[in-house]
Amino acid sequence: RLPVGPGFSLGGARQPALAPPLCGGAAQQWPAPGARATASAVAAAAAAAAAEGDEPVKYSSVGQSVVNLVKNIVGAGMLSLPSGVAAFSGSPSALVPAVALTVLFGLLSAYGFVLIADSCNRTGKSTYQDAWASLVSPGSKWLPAFACFANAAVGCICFSMILGDCLSLVLSPLGLPIAVAGRNSVMVALTLVVLFPLCRLRSLAPLAKFSVLGNLSNVYICFFILIRLFDGAYALGGPLVAAAPVAPNFVVAAGSAWSTAAHPGVTVLLSMLGTAFLAHYNAATFYCQLAPDASGRRDERFMQVSVLGFSAAAVILCIVMYGGFATFGSSSAGLILNSYAAKDGLAIVARLCVVASLITSYPMVFFSVREQFCDGLGDRGRELWASRPDAVTVGLLGAITAVALRLTNLGKVAGFAGAVFGIYLIYIAPPLMALRALQRNIGEQPKGWKRTAGAVVQVMLIPLGIALSAVGTYQVLMK
C-alpha cells in the first residue's frame with residue numbers, strides 16, 4: 001500500500017520519515033527497485049526506526065499471508081456455487097466439468113495475482129494503479145484505482161447488509177424489541193463494536209489471528225455440507241428431507257459428463273467463477289507487507305503465498321460446490337444454506353459461521369477502500385491519513401454503513417461491478433502490465449521458451465477476460 005504520510009508504512013505501521021515505500025524507491029538504506037537488498041539493510045531500517053522512536057515495520061510472514069489471502073478470497077459467494085451447477089444440469093455428472101472449471105479459474109486467477117506483484121516489483125511501485133501508470137498509461141491510472149475502489153466498496157456494503165440480515169434472523173426467536181434486534185440496529189451495533197476496531201488496524205499482520213477464525217468457520221461449513229451429503233439426512237426417506245424447503249431433485253444425463261457443460265446455462269457458473277477468486281485489489285498490499293527473505297527479496301515467498309492461498313481456496317470452493325449440489329441437485333438454492341431445514345442444528349451453526357467468516361473478511365476488503373480513497377485525494381489524502389487516521393476510517397465506515405442501511409437489494413450493482421471491474425482486475429490489467437514490461441524490457445525477463453510461453457498465456461488472458469465480462473454482464477441484465 002502507498003505510504004500515505006510522513007512516518008507511515010504501507011500497512012500504516014510507523015517507519016522512519018525519510019524511508020521510502022517498502023516496494024520501491026531509493027534512499028539511504030533501501031535498495032533501488034529490482035536490486036537485491038541485504039539482511040543488514042532491513043536491520044538498518046529497523047534500527048533507524050528505533051532511533052526515531054517509531055515501531056518497526058509490521059511485516060506478515062508467509063503463514064500469516066496465506067491465512068489472510070484464503071480469507072480474502074473465500075466468502076459468502078462460495079455458497080452460491082451449487083446453484084451455478086444447477087443452472088445447467090441436474091445430473092451429478094455435471095460436477096466433473098464444474099470442478100475442472102473451478103480449478104482452472106483458480107490457476108488463472110493466481111497467475112494474475114502474481115503478475116500484479118511482479119509489476120510492482122519491476123516498477124518499484126506499491127499500488128496496483130501506480131504500477132499500471134508506470135507500465136501502461138499514466139493518463140488511465142484512474143481506471144485500476146476506480147476498479148479497486150468500486151469492487152471493495154460494493155463488497156463492504158454487501159457484507160454489512162448480509163450481516164445485518166443474518167444476525168437479525170438469529171436474534172428473532174428471542175423475542176427482543178425491534179429497536180434492539182432489528183436489521184438496522186444490529187448493523188449499527190456490529191459496526192461500532194466489532195467492525196470499527198478491526199478496520200482501524202493499519203497492517204494485515206494483526207488480522208491473521210482473526211482470519212484463522214474465519215477460515216475455521218469456512219472449514220466447519222465444508223464439513224457440515226459433507227456430513228449432510230454422506231449421512232443421508234436429505235436423501236429420499238432421510239430424517240430431514242421433509243423439513244427441507246425444497247426436496248432434492250436429480251436427473252440422469254443423456255450423454256457424457258462433459259456434454260452437460262454444452263448447456264447455455266453453464267454461463268451462470270462461468271460468471272460466478274470469473275470473480276470467485278477475486279482478491280487482486282489487495283495484491284500489492286500482500287506483496288509489500290510480506291516479510292522479505294534473508295536477501296531482501298519477496299518474489300519467491302510471494303509465489304509460495306499465492307500457490308498455497310489459491311490452492312486452499314480452490315479446495316474449499318470445490319467442496320462446497322460438490323457437497324451442496326450432490327445433496328440437492330437442481331433444487332440447490334442460490335445460497336446453499338437456505339436449502340437445509342430450519343430445524344437442522346448443524347445448519348444453524350453453519351449460518352453463524354457465515355457471520356464469523358464475513359466479519360473477518362470485512363477489514364481486508366475495507367483496507368482497499370481506504371487505500372484507494374486516500375490515494376485518490378493525492379497529497380491531501382495522504383496528509384489526512386497521516387494526521388487523522390481514525391477520522392478517515394470512521395468517515396468511510398460510516399458512509400458504507402449508511403448506504404447499507406438504506407438498501408435492501410444490491411444484487412445488480414454487485415453483479416455488474418464484478419463482471420466489469422472484477423474481471424478487469426483479474427484477467428485484463430495484469431497481463432497488459434506484464435506484456436508492457438516485456439515490450440519495454442523492464443526488469444529481469446525470462447529467456448527462451450519461458451518468455452514465449454508467458455507472453456502467449458498473457459495474450460490469451462485478455463480476450464478471455466473480455467468474454468467473461470460480457471457473459472457476466474449478460475447474466476446481470478437477464479436477472
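Report yes if Leu95 is surrounded by fewer than 23 Cβ atoms within 10 Å (Cβ to Cβ), of a type in the set (A, V, I, L, M), out of contact with any Lys or Arg (no Cβ under 7 Å at 6 or more places or on another chain) and closer than 20 Å to Leu337 by Cβ, otherwise no. Even if it seems obvious, please write down each step before you answer.
Details: surrounded by fewer than 23 Cβ atoms within 10 Å (Cβ to Cβ): yes; of a type in the set (A, V, I, L, M): yes; out of contact with any Lys or Arg (no Cβ under 7 Å at 6 or more places or on another chain): yes; closer than 20 Å to Leu337 by Cβ: yes.
Here the answer is yes, as Leu95 does meet what is asked.
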Looking at the stretch 357-376, I want the residues that are farther than 14 Å from Ala147 by Cα and have a partner that is of a type in the set (Phe, Trp, Tyr) with Cβ atoms under 6 Å, at least 6 apart or on another chain. Which pairs are those? Leu358/Phe159; Thr360/Phe210; Tyr362/Phe159; Cys374/Trp385
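Listed here are the residues, each with its yes/no results for (1) of a type in the set (A, V, I, L, M); (2) buried (at least 23 other Cβ atoms within 10 Å of the Cβ); (3) touching a Lys or Arg at 6+ places or on another chain (Cβ under 9 Å).
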position	(1), (2), (3)
Arg202	no, no, yes
Ser211	no, yes, yes
Asn218	no, yes, yes
Phe224	no, no, no
Gly237	no, no, no
Gly265	no, no, no
Thr285	no, yes, yes
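Please state which one of Phe196, Phe223, Phe230 is more than 20 Å from Tyr322 (Cβ to Cβ), of a type in the set (Phe, Trp, Tyr) and within 32 Å of the chain's Cα centre (by Cα). Even if it seems obvious, please write down each step before you answer.
Values: Phe223 fails: more than 20 Å from Tyr322 (Cβ to Cβ); Phe230 fails: more than 20 Å from Tyr322 (Cβ to Cβ).
Of the residues listed, the single one that is more than 20 Å from Tyr322 (Cβ to Cβ), of a type in the set (Phe, Trp, Tyr) and within 32 Å of the chain's Cα centre (by Cα) is Phe196.
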Six or more apart or on different chains, Cβ under 6 Å: which pairs go from a residue in the stretch 66-84 that's hydrophobic (A, V, I, L, M, F, W, C) to one that's open to solvent by less than 10 Å² (accessible area, probe 1.4 Å) and not in a helix (DSSP H, G or I)? Could you list them? Ile73/Phe277; Ile73/Ala279
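Would you mind stating whether Leu337 is open to solvent by less than 10 Å² (accessible area, probe 1.4 Å) and among the aliphatic types (A, V, I, L, M)? Walk me through how you get there before you give the answer.
Values: open to solvent by less than 10 Å² (accessible area, probe 1.4 Å): yes; among the aliphatic types (A, V, I, L, M): yes.
Spelling it out, Leu337 is indeed open to solvent by less than 10 Å² (accessible area, probe 1.4 Å) and among the aliphatic types (A, V, I, L, M).
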Helices (runs of 4 or more DSSP H) fully within the stretch 197-304 counting 3 or more residues that are in contact with a helix residue (DSSP H, G or I) (Cβ under 8 Å, 6 or more places away or on another chain), of a type in the set (Val, Ile, Thr) and closer than 27 Å to Cys353 by Cα: 208-230
Working only within the stretch 82-137, note down all residues that are closer than 24 Å to Phe367 by Cα and in a loop (DSSP other than H, G, I, E, B). Gly124, Lys125, Ser126, Thr127
Taking the conditions exactly as written (acidic (Asp, Glu), out of contact with any Ser or Thr (no Cβ under 6 Å at 6 or more places or on another chain) and open to solvent by 50 Å² or more (accessible area, probe 1.4 Å)), does Glu371 satisfy them or not? no
Checklist (1) surrounded by fewer than 21 Cβ atoms within 10 Å (Cβ to Cβ); (2) at pLDDT below 95 applied to Cys318, failing item: (2)
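The values are calculated or read from the model by the stated rules, or taken from the named source; none is laboratory data. Note that the coordinates shown come from a computational prediction; the quantities given were computed from them, not determined experimentally. As a convention, Cβ positions derive from the backbone with ideal geometry for all residues, glycine included, and neighbour counts pool all protein chains shown. Each accessible area value is taken on the protein alone, full model and side chains, heavy atoms only, with ligands, DNA and RNA left out. Shrake-Rupley method; radii C 1.70, N 1.55, O 1.52, S 1.80 Å.
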